[in-house]
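As C-alpha cells, the structure follows; a few thoughts come after it.
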Amino acid sequence: MYKLGRGNRDKVQQFMTITGASEKVALQALKASDWHLEGAFDFFYSQPQVSVVNTRHLEDIFNRYKEPDADMIMVEGISQFCNDLQVRSIYFHL
C-alpha cells in the first residue's frame, strides 16, 4: 500500500474498516470503481462472496458430537456442544 498516495491509502483503510475485507480485496474493489469509495462498496457487495471452508475440520466437529450408532447429532451431542462452548443449554429447548 506504500505506493499509493495518501488519499487512496485512506480509502483503502476506510474500505477495510467498513467491510472487514482484506487489503487485497479493498484494492481490487477500489481499482474497479476508479477509486470512488461508494462505487467500491457497490462492487464489493454485488459480487458473490466465495468462502473457503475446511470440510475436514467440520467433519471432525460433527464426528465429535454425533451419535455413535447414527450419523446425526442428537440431544446428548447438542448438550455436550453447549457445554464445550460454555453456553447454558437451558436457553435452548432440547
Checklist outcome for this item: In the set Lys24, Lys31, the lone residue that is among the charged types (D, E, K, R) and at pLDDT 95 or above is Lys31
Checklist entry - Among the residues of segment 2-59, which ones are assigned to a helix (DSSP H, G or I), under 30 Å from Ile73 (Cα atoms) and under 17 Å from the mean Cα position of the chain (by Cα)? => result Thr55, His57, Leu58
Checklist outcome for this item: The residue that is nearest to Lys3 (Cα to Cα), considering only those in segment 14-61 that are in contact with a helix residue (DSSP H, G or I) (Cβ under 9 Å, 6 or more places away or on another chain) and of a type in the set (Gly, Ala, Ser), is Ala26
Item to check | Residue within segment 66-79 that is part of a helix (DSSP H, G or I), without any contact (Cβ under 8 Å) to a residue 60 or more places away in the chain and basic (Lys, Arg) present | outcome: no
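The values are calculated or read from the model by the stated rules, or taken from the named source; none is laboratory data. Keep in mind that what you see is a predicted model, and the values were worked out from it rather than measured. All Cβ positions, even for glycine, are placed from backbone atoms using ideal geometry, and neighbour counts span all protein chains on display.
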